[in-house]
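The values are calculated or read from the model by the stated rules, or taken from the named source; none is laboratory data. None of these values were measured; they are calculated from a predicted model. Because the Cβ atoms are built from the backbone with ideal geometry, glycine has one as well, and the counts that use them run over all protein chains shown.
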Amino acid sequence: MSTWLFFALLSPFLWAVTNVLDGAIRHHFVQDDFALAWWIAVTRLPFIILLLVLGNFDFSFQLSDMLWMLFGGVFWVAPGILYFRSIHLEDPTRVALMFQIIPIFGLTLSYFILGETLTSVQAIAFVILMLGGILAALKRIDKKWHISSAFFLMILATFLWSVSDVIFKKYEPAFANFYTAFAIYFTGSFFASFFFAHTPKKIRHLIQAFHVPLRGWAFLVMTQLLGISGALTFAYALTLGKVSLTVVLIGTQPLFVFTFGLFLSRFLKEVKPEPMTKRILFFKGLSFALVMLGLWML
């Protein structure tokens with residue numbers, strides 16, 4: 001297994017655990033999407049310091065490159081609001097499947113911005129992956145199937161995440177080393193936390209939202225550590241290979257989510273057992289098959 005493939009697969013593996021635990025947090029501990037997005041942003045600070053230490057505090061980069069990387073960091077954390085709202089509306093496996101929209105945006109943006117080429121086979125794969133995401137978003141209510149609102153939230157979220165990925169790939173070589181580039185990238189995410197806490201009223205609201213028991217804090221810390229580790233390995237994979245190929249490997253995430261969901265629900269009461277009706281399993285299986293077919297074609 002190549003170094004690129006190892007890190008590209010490790011990130012969806014780690015993020016799958018966070019998908020499952022995020023659902024538990026959103027339903028049992030912190031019922032505020034803005035508060036959870038703020039938590040993701042503000043807890044970047046200690047990791048920023050660590051990354052700067054690893055990068056030997058090398059600030060030999062252009063101001064314009066730094067600003068673009070900061071914007072990339074903002075675009076990475078801002079969709080967190082949409083993501084947590086989606087987690088509240090849908091089970092984690094379906095939300096993870098909706099991430100299959102990312103390759104479509106990632107491949108398109110990387111083509112126009114980075115010059116990464118697209119083939120006719122990849123174009124067909126785009127359609128297949130989109131169908132997989134749509135099937136994942138179908139929700140049965142009152143005996144009728146319709147597209148859930150989480151689908152549209154995740155479209156916007158995945159677009160912003162794709163923009164962030166392309167920005168990091170484009171400007172990372174302008175920095176002295178990977179650690180410094182990622183530290184600046186994370187700094188943009190940290191700056192986004194001030195948007196959520198720019199008034200005394202909002203600060204009080206955030207404090208109130210995090211009045212959770214010790215068990216809740218254990219969930220919050222664990223998801224943040226796993227999420228940041230996933231972001232780090234994914235960003236490193238971007239530096240080793242093409243954005244298009246790295247992004248499509250996120251398609252393996254639903255398989256991990258489904259597995260971890262079944263496993264963790266046996267040990268953690270907060271993890272909601274996955275629905276296992278024949279109809280749900282059919283649509284999940286069909287969407288899995290489409291995702292795997294699209295990934296194989298790419």
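Remarks
- Number of the exception - G227 against (1) under 15 Å from F71 (Cα atoms); (2) under 17 Å from the mean Cα position of the chain (by Cα); (3) of a type outside the set (A, V, I, L, M): (1)
- Single residue of R215, R266 found to be over 26 Å from F126 (Cβ atoms) and not in a helix (DSSP H, G or I): R266
- Checking each residue in the range 10-38 for being in a helix (DSSP H, G or I) and charged (D, E, K, R) picks out D22, R26, D33.
- Scanning the range 39-55 for residues that are within 16 Å of the chain's Cα centre (by Cα) and either over 16 Å from G227 (Cα atoms) or part of a helix (DSSP H, G or I) (or both) returns W39, I40, A41.
- Only a single item in (1) buried (at least 17 other Cβ atoms within 10 Å of the Cβ); (2) small (G, A, S); (3) within 21 Å of L249 (Cα to Cα) is not met by S2, and it is number (1).
- Within the range 249-293, tally of residues that are under 21 Å from L131 (Cα atoms), surrounded by fewer than 16 Cβ atoms within 10 Å (Cβ to Cβ) and either among the basic types (K, R) or under 20 Å from the mean Cα position of the chain (by Cα) (or both): 2
- Checked against the criterion of being of a type in the set (F, W, Y), without any contact (Cβ under 8 Å) to a residue 24 or more places away in the chain and under 18 Å from S229 (Cα atoms), the candidates F6, F13 yield just one match: F6.
- Restricting R215, R204, R140 to those that are more than 29 Å from A237 (Cβ to Cβ) and modelled with pLDDT of 90 or more reduces the list to R215.
- Residue count, the range 150-193 (criterion: among the aliphatic types (A, V, I, L, M), under 16 Å from S64 (Cβ atoms) and under 16 Å from the mean Cα position of the chain (by Cα)): 1
- Only listed residue being closer than 16 Å to A181 by Cβ and in a helix (DSSP H, G or I), chosen from I228, I250: I228
- Matching entry among F151, F191 (being modelled with pLDDT under 90, farther than 22 Å from F47 by Cβ and aromatic (F, W, Y)): F151
- Each residue in the range 41-65 was checked for being in contact with a helix residue (DSSP H, G or I) (Cβ under 6 Å, 6 or more places away or on another chain) and either surrounded by 23 or more Cβ atoms within 10 Å (Cβ to Cβ) or not aromatic (F, W, Y) (or both), and 12 pass.
- Of all residues in the range 180-212, those that are surrounded by 15 or more Cβ atoms within 10 Å (Cβ to Cβ), part of a helix (DSSP H, G or I) and not charged (D, E, K, R) total 19.
- Output for the range 1-22, where each listed residue is modelled with pLDDT under 85 and under 24 Å from P213 (Cα atoms): none
- Put simply, of F105, F61, F99, F71 the only residue that is outside any loop (DSSP other than H, G, I, E, B), under 23 Å from L232 (Cα atoms), of a type in the set (F, W, Y) and at pLDDT 90 or above is F71.
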